[in-house]
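Peer 1: Please find one structure pasted underneath; my questions will follow.
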Amino acid sequence: MKLIEAMKKVKENKEKILDLQKKISENCAHLNIETPLYPDAEQKVISWAQSCEDLTQENIRLLTSIQRTNLQTVVDITLGDKTVSKNVAEWVWRRREYAAIDLNTYNKMTDRGLSEGKGRSSTGVDLDLKIVRKYNPETRDKKIMMFKSEPFAIDAKLEVINAITDLIES
């Protein structure tokens, strides 16, 4: 089974569980004057509940195998002018949160709305005002470009990896 197939199976199992839970809810009891939808409703409810348990156990097995595969599969992705190697789990975290956090860090490096020009001191002396930056704007701009494009690079690479990587089962 490929990684993507396991992820789809987990999603499919969750949908099946929801459907079975709905059937259980609708058929778990009735008034004595009603005719149950299923003549063997008690067995059906027990069977549906068991199916839900089986599906949750299958999902746990699949999700554990997905985690194992993600931790053991190393992927190279080119970011900027550098190739970076990380396992799939690390790339997933970069994609979910940390590329955006790093982008936000570099977006904080601004001139803070300050402007250069002429000014006057409190004693009336004329001054030339210059902005003193504590960062390199060129480096900042390169980092911003890299962190903006990183999620797209990760998505593209992981889409291929998920399709071709065999699931590592215990």
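Peer 1: Against the longest alpha carbon principal axis of the chain, how many degrees, from 0 to 90 and to the nearest 10, is the axis of helix 3-27 turned?
Peer 2: Helix 3-27 and the main axis of the chain meet at about 50 degrees.
Peer 1: Related question: Specify the angular offset, from 0 to 90 degrees and rounded to the nearest 10, of the alpha carbon long axis of helix 41-72 from the longest principal axis of the alpha carbons in the chain.
Peer 2: Its long axis makes an angle of about 30 degrees.
Peer 1: About the Cα centre, and with charges only on the beta carbon of Lys, Arg (+1) and Asp, Glu (-1), how big is the dipole of the chain? Nearest 20 debye, please.
Peer 2: Approximately 1000 debye in magnitude.
Peer 1: Any idea what Rg and Dmax come out to for the chain if you just take the C-alpha atoms, in Å?
Peer 2: 28.6, 98
Peer 1: In degrees, nearest 10, range 0 to 90: what is the angle between the Cα axis of helix 137-164 and the longest Cα principal axis of the chain?
Peer 2: Taking the Cα atoms of the chain, the angle to 137-164 is about 20 degrees.
Peer 1: Taking neighbour Cβ counts within 10 Å as the exposure measure, how do S47, S122, S65 sort from fewest upward?
Peer 2: Going from least to most buried by this count: S122, S47, S65.
Peer 1: List the residues whose amide H sits under 5 Å from the amide H of N87, counting only those 5 or more places along or on another chain, with H placed 1.01 Å from N in the peptide plane.
Peer 2: Those qualifying (amide H under 5 Å, at least 5 residues apart or on another chain) are V75.
Peer 1: For the stretch 68-107, what is the Kirkwood estimate of the hydrodynamic radius, computed as the reciprocal of the mean inverse distance between distinct Cα atoms, to one decimal in Å?
Peer 2: Final number for the Kirkwood radius of the stretch 68-107 is 10.9 Å.
Peer 1: How large is the convex hull of the Cα atoms of the stretch 74-164 per residue, expressed in Å³ as a whole number? List each step's numbers first, then the result.
Peer 2: Details: hull volume 9.3 nm³, N = 91.
With only Cα atoms used, the stretch 74-164 gives 102 Å³ per residue.
Peer 1: Taking the Cα atoms of the stretch 31-102 alone, what are Rg (to one decimal) and Dmax (as a whole number) in Å?
Peer 2: Cα radius of gyration and Dmax of the stretch 31-102 are 23.2, 75 Å respectively.
Peer 1: Kindly provide the chymotrypsin sites (Phe, Trp or Tyr not before Pro) of the stretch 61-170 that DSSP labels as loop, not H, G, I, E or B, and whose Cβ sees at most 13 other Cβ atoms within 10 Å.
Peer 2: Y135
Only the coordinates and a few stated rules stand behind these numbers; no lab work does. Nothing here was measured: the structure is a model prediction, and the numbers come from that model. Glycine gets a Cβ as well: all are built from the backbone with ideal geometry, and neighbour counts include every protein chain shown.
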